[in-house]
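Notes follow once the structure below has been shown.
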Amino acid sequence: MIIGASVLEDVARAFLQGLPPGTVYALVALGFVLTYKTSGVFNLAFGAQAYVSAVMFFKTRVEWEWPVLPALVLSVFVMAPLIGVVLELLVFRHLRNSSAISKLVVTIGLAVALPSLAEIFMGFETQSGRTPEGVLDQGASVFYDPFGIYAFSRNELVAMGVAVVAMVGLGALFRFSALGLQMRAVVESARMTELAGIAADRVSASAWALSSLFAGVAGVLIAPRFNTLSAADFFHLGVVAIAAAVVGGLTSLPKAMGAGIGLGVLIAEINTFLPRFAESRAWLRPIQDNLTPAIPFLVLFGVMVFVPAIRRSRDASDPLGGVDPPPMSIGSVVRTRQQVLVRAAVTAVLTVVVLGVVLGRADQSWMYLVTQAVVLATIFLSITLITGIAGQISLCQGAFAATGAFTVYQLVERYDLSALPAAFIGAGIAAALGALLSMPVRRLGGIWTAIATLAFAYFFDSVVLNLPFVGGGETSLLTGTSVPRPLVGPFDLADDQAFLVFCVLVLAVVSVVVVNLRSGTLGRTLLALQGSELGSQSIGISPARSRMLAFAVSAAIAGFGGGLLAMQQEDVNYASNFSPFVALVWMVIVVSIGCRSVGGALQAAGAFVLFEPVILKGALFGWLFRDPERIPDFFPISGKWVLVLFGLGTIMYARHPEGMAEYGAHRKAAKAERRRRAAEDRATAVAVDVEVAR
Amino acid sequence: MTAVLVASGITKKFAGIAALIDAGLSVEEGERVGLIGPNGAGKTTLFNCILGVTPIDGGTVTFDGRDVTSDRVDQRARAGIGRTFQRIELFADSTVLDHLLIAERVRNGSGRFWKDLLGLGRPTAAERERADEVLTLLGLEELAAEPVERLSLGQCRLLEVGRALMTQPKLLLLDEPSSGLDRVETAALAATLREVQQQQGFAILLVEHDVDLVRSFTTRSYVLDFGHIVSEGPTAEVLASDVVRSAYLGDMEVPT
């Protein structure tokens, strides 16, 4: 009897313990649902918006020592809605007829750009020791213990109270107010709502103001949970909370709230009881260590695979969408055979010249950067394949690349294999992983592929990475994850120049493979599927098979590239090379420069690695003036501008999915065509004049 | 004559509401059959059940002597069921020729991954020749290099027919081909279709609202109402029967 009572008490204590983190998940999940309901956008930038307000609040409270009220008013009630309105005005208003995928990509771009932009303008750096404060005085140090078994801090109580009030208030807004109804109507069809005499633009601006305000509230309430304010943590939290939002089908506020709290409680209960079971059962112990971080992703995958209603919520299009002009055709520029040859020749000559200069003149650090760009270009080609050709947004290319890198590390470390065959094995394992992942994902389509791959990336980050046979466990903490460079025949790739030449050759081969795949059966099948899944099936194309192949090949390319990157740096360097947030930035840069062409991937890699040292640090000016001393004073510019520029570049993607590079080529081709026609017209006119003169 | 398609006892419920109850139909080889009925009768649902787009709650679909009830859409397509769509389902950003070439590649099944890798996956001369044949047949040869975004609705419908023809179907399902087209365009489409069908001898199952088109194009028709097949027979008789008048045409004037 006594044992029973103590178990019950433990259950209750774990329940209470799970409430505060559950509330945090619930707040973010409510935010996802709110934005999705009021704007039709699955807003992955929600965490970023919350982060911006949290930073502002930190700045005003801690650094400028403002009182709570003005700090709160500025960071939450003024700045947050303002950001929402600006986003609506400049970005989302113009994307109403874009596909759900394009909108999602834009929010990912914003998730990358917004925090950097805020940090630049507020002069904020993520540093340990900068512990955020709650809204109440001594919020983290004064406790209340209502039931005598678990004590809540003031901050936690405020967060829980606000979450409940928000859920009830927002629920009432949707159910009883005209504005709530109008917001939902605008999401369904902006044009139709306008015909009913409602200013759709104003309604959607207020929708964005509202959801952004809520992001601000959530940001300030959530911040005290972290020891250090960092955008990556906020984004990670957002990914965890997606599980709760998805349980509510992205539309139910109470379900999202319940699922968020349930998630927190579930984790707390498991943390309380699993160690007791595992104590006497040795086989449970490795599971115990990794179960907690895995739970949100297991829930998310479970819901996506087993709840059929999710699949049906494909993006609905505005029934009056046809009123607006259709989006521009996004096919690549049609080039004549001669143009193709000329371009190939120019590329080859340029490559040789640049390679010659780098091999002959560059010092070690520039050689390192150029090599890194070449290796990343190989990885980026995997994005060209999966996003540009197969039309799927995959956010776990970093995990695939890391799989390749860790395979090389493990095989070299344990079996003394040469790094090169190990890289091929790594590519194979990544391919198997990609094929496996494509199975639950392939039926979902649309934004769900992006969400599932994002969840996988974080699952890899928080669970798989910790397994000893992947990340190396404790050994790697002591000795690092070093990867030696291999010997290839007579060439020792430990020599930087030889390694660079080797990487260029690999890049050339992978480029040819991607071009061949695109013009071959697989590429044309995937383009057909992207154009119309139903139409493709009607001629006998199996979407599952084609997508699985695309995922596998893309993962293999990423995996091989990951192995190369580890060889280049002679270390896996997971956190700086392959973490989920880094992979987001890859996707954002490739997509904004051009994910449909091989050239786009190469330029993106160049931009990713070299934009900061060459442009922002002013090296380009140094070269132009042939004197490093004469670099103008306003250099170096913050490296965060790379994230801001390319993050905002995704807005271009939504309007011109072919990317900046190809869009430029389009415009040039159109201009040339106009000029040719004008010349023809003039010639005809002259001919007619001559005729008349006769 | 043997039946190329037999659907029998098809039952389909959506959230407990029966959209189809024990519906069945059959199409003989080379036959042109119509499927008509008022809005909401279940025509499209029956169509989707035959194609495997929607899973069925009961009944069987036999195609070309083989039970295809549990086959996927693409498997049925490869077995020889071609179709067009009421709402155009062409491949965005592809040219007219691309549509036919990929359909031919899927049909002849010569696509291999290793061929793609080695750059041998591009369209072959033989495939281009077949595509050109179909383009000529449908009078689309001028438009071969045009992206589909530049086509008119009528041309889109023709291209959908062309894409389906590339798969060499034994049965072609046409889903309201006249919707969105005017009289002249509909007549032109019907003429082209009849010509091609007589040349190649495949069967056609036509779902259609346009009574004139059904009358002139099909030899036999089924009438669907509230999920039941209420009438079946030679088209002229079916259209004149009282059952059809009351169920489908209501008070509409039907010139006989």
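Just so it is clear, none of the values below were taken in a lab; they were calculated from the coordinates. Since the model is a prediction, treat every value here as computed from it, not as a measurement. Note that each Cβ is placed from the backbone with ideal geometry, even for glycine, and that neighbours are counted across all protein chains shown.
Nearest 10 degrees is fine. How inclined is helix A:598-610 to the longest principal axis of chain A, computing both from alpha carbons?
Between the helix axis and the principal axis of chain A, the angle is about 60 degrees.
Go through the range B:18-34 residue by residue and turn each phi into a ³J(HN,Hα) via Karplus (6.51, -1.76, 1.60, θ = phi - 60°); whole Hz please, and just put x for glycine and proline.
The phi angles translate into 7, 8, 9, 10, 6, 7, x, 7, 9, 10, 7, 4, x, 8, 10, 10, x Hz.
Sequence gap of 8 or more, or different chains, plus Cα separation below 25 Å: how many lysine pairs satisfy both in the protein assembly as shown?
Counting lysine pairs in the protein assembly as shown gives 9.
Evaluate the relative contact order of the range A:341-657 (contact order divided by residue number), counting alpha-carbon pairs under 8 angstrom at least 6 apart; express in whole percent.
It comes to 31 percent, rounded to a whole number.
Give me a single rounded figure for B:85-91: the average over its residues of other chain Cβ atoms within 10 Å of their Cβ.
4
Please give me the summed charge of the neighbours of A:Q17: other residues whose Cβ is under 14 Å from its Cβ, Lys and Arg +1, Asp and Glu -1.
For residues surrounding A:Q17, the net value is -3.
So how do A:560-572, B:111-123 stack up, highest first, on mean other-Cβ count within 10 Å?
A:560-572, B:111-123
Starting with the highest mean, order A:546-555, A:417-426 by the number of other Cβ atoms within 10 Å, averaged over the residues of each peptide.
Put in order of decreasing packing, that is A:546-555, A:417-426.
Check A:V488: other-chain or 5+ apart residues with amide H under 5 Å from its amide H, H built from backbone geometry?
A:L493
Quick one: if the Förster radius is 35 Å, what FRET efficiency do B:L120 and B:E149 give, using the C-beta to C-beta distance and rounding to 0.05?
Computed FRET efficiency for B:L120 and B:E149: 0.70.
Output the peptides A:107-113, B:146-152 sorted from most to least packed, where packing is the average of other Cβ atoms within 10 Å over each peptide's residues.
Listed from highest to lowest mean packing, they are A:107-113, B:146-152.
Any chance you could tell me what percent of the C-alpha pair distances in the range A:341-657 go past 27 Å?
That fraction is 44 percent.
Any idea what the dipole of the protein assembly as shown comes to, in debye rounded to 20, about its Cα centre with Lys/Arg Cβ at +1 and Asp/Glu Cβ at -1?
560 debye
Restricting attention to the range A:1-83, which GluC sites (Glu not before Pro) occupy a DSSP loop and are surrounded by at most 12 other Cβ atoms within 10 Å?
A:E65
Loop only per DSSP, at most 12 neighbouring Cβ atoms within 10 Å: give me the GluC sites (Glu not before Pro) in the range A:141-198, ordered by residue number.
Counting only loop positions with at most 12 other Cβ atoms within 10 Å, none of the GluC sites (Glu not before Pro) in the range A:141-198 qualifies.
Check every DSSP H run in chain B and write down those whose alpha carbon atoms cover 15 angstrom or more along the long axis and whose mean Kyte-Doolittle hydropathy is 0.5 or greater.
Answer set is B:153-166.
Counting pairwise Cα distances across the protein assembly as shown, what percent come out greater than 51 angstrom?
Looking at the protein assembly as shown, the distances longer than 51 Å represent 28 percent of pairs.
Quick one: which residues, 5+ away or cross-chain, put their amide H under 5 Å from the amide H of A:V142? H built at 1.01 Å from N.
A:R154
Calculate the mean, over all residues of peptide B:113-121, of how many other protein chain Cβ atoms lie within 10 angstrom of the residue's Cβ.
If you average over the peptide's residues, the count of other-chain Cβ atoms is 6.
Kindly write out, for the range A:512-528 in residue order, the coupling ³J(HN,Hα) from the Karplus curve 6.51 cos²θ - 1.76 cosθ + 1.60 (θ = phi - 60°), rounded to whole Hz, with x marking Gly and Pro.
Once θ is set to phi - 60°, the couplings for the range A:512-528 become 4, 4, 5, 4, 5, 4, 5, 8, x, 4, 4, x, 5, 5, 5, 5, 4 Hz.
Averaged across A:523-530, how many Cβ atoms of other chains sit within 10 Å of each residue's Cβ atom?
The shielding value for this peptide is 5.
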